[in-house]
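Down below is the structure, laid out as structure tokens.
Read-outs: derived from the displayed coordinates by stated rules, not from any lab. What you see is a predicted model; the values in this text were computed from it and never measured. Virtual Cβ from ideal backbone geometry, glycine too; neighbours counted across all protein chains shown.
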Amino acid sequence: MHSLTIAQVMTDTRHILESVDVRLLLQHVLNVEHAFLLTHSEYELTSAQKQSFLQLLERRIQGVPVAYLIGKRDFYDLTFKVNEAVLIPRSETELLVELALEKIPSDRLYRILDLGTGSGAIALTLAKHRPLAQMVAVDVSPAALAVCRENARILQVDNVCCVTGSWFDELSGERFDLIVSNPPYVAHGDPHLQRGDLRFEPQVALVAEGSGLACIQHIIAAAPQYLVKMGWLLLEHGHDQAEACRELLQQADFSNMCSHPDLAGIMRVSGGQMRS
Ligand code: GLN
């Protein structure tokens, strides 16, 4: 095989893939930080490195998400292990984390529930930042919860309890100060499901009945039974679902309804508070 340097890889792949993807694949294969690539552009890949890189490149060109190829994704200020059993954490979900952190006190116990936790991106980030909080992370998929547990171990988060179950099914009698969720909210047949990373992600984490609103509807209707007085519910939702969410919150007798825009200016998180 011909020799191949970092600089050559970056140039040769310029027209095929985004440079950030190539960079992440290279970092993974060479087991180095970004700074190494920048300062060692003449480094020659060994033949084993070259072979694994070309294999990953091929799968990336076929569409497999970079996060699945390298097995991880940065989210907020942490890095999460991911695999095909979980949705890849997205930057817009950091808004939900920020809004939740504003509500969670740092000086006392606070009970939080994350519904449909997946990799644990939301639950573990909140739990890590609020060590006195008690987090319950629920997911219907045992394979997803295994990823969440593994992340809790790696990130050394010990204030999270992982529960297998559908939404509130395993939580009878429990009450929380805050419930958060990034439930499936994409409608069946949405063309986005045929594009990019979404083609490879678990459909159970993405798609919901009722034009995408079924899970949100279920969560909002049931949440009052699991919240304390003055407790909060915060939900991520689709770009055109904010109004519907606020209406559902109102029907469930929440107060202080609000919706918040993500960095792209799209209303992405809505919530409400239980009355006193
Ligand atoms: N925000 C995701 C997307 O459309 C969907 C995540 C979800 O359904 N919870 O790519």
Computed over region 81-203: relative contact order in percent, which uses C-alpha pairs under 8 Å that are six or more apart: 30 percent
Amide proton proximity set for residue 227, modelled H, under 5 Å, gap of 5+: 176
Cα pair distances exceeding 24 angstrom across region 1-97, given as percent: 25 percent
Local net charge near residue 242, Cβ-Cβ under 15 Å (Lys/Arg +1, Asp/Glu -1): -4
Candidate lysines - alpha carbon under 25 Å from residue 103, same-chain residues fewer than 8 apart omitted: 128, 229
GNM result for the chain, Cα springs below 10 Å: residue of 61, 88, 220 fluctuating most strongly: 61
For region 59-99 and region 159-193, distance of Cα centres in Å: 18 Å
Estimated 222 nm signal from helices in the chain, with DSSP H stretches of n ≥ 4 weighted -39500 (n - 2.57), rounded to 500: -10000 deg cm²/dmol
Principal axis box of region 116-190, alpha-carbon based, largest edge first, Å: 41, 30, 20
Shape box of the chain [Cα atoms, principal axes, largest first, Å]: 70, 41, 32
Rounded to 10°, Cα long-axis angle of helix 93-103 versus longest principal axis of the chain: 40 degrees
Protection proxy ranking of 128-139, 41-52, 240-251 - average other beta-carbon atoms within 10 Å, highest first: 128-139, 240-251, 41-52
Rg to Rh, two decimals, where region 181-257 supplies the alpha carbon set and Rh follows Kirkwood: 1.02
Listed residues 93, 125, 39, most fluctuating in the chain (Gaussian network, C-alpha, under 10 Å): 39
Estimated dipole of region 199-276 in Debye, rounded to 20 [Cβ of Lys and Arg +1, of Asp and Glu -1, Cα centre]: 240 debye
Angle between the chain longest axis and helix 47-61 axis [Cα atoms, degrees, rounded to 10]: 50 degrees
Antiparallel %, DSSP beta bridges [both residues in the chain], to 5: 40 percent
Degrees separating the helix 242-251 axis from the principal Cα axis of the chain, which is the longest one: 30 degrees
20 °C / 1.002 mPa s Stokes-Einstein diffusion coefficient of region 130-260, Kirkwood radius on C-alpha pairs, µm²/s: 133 µm²/s
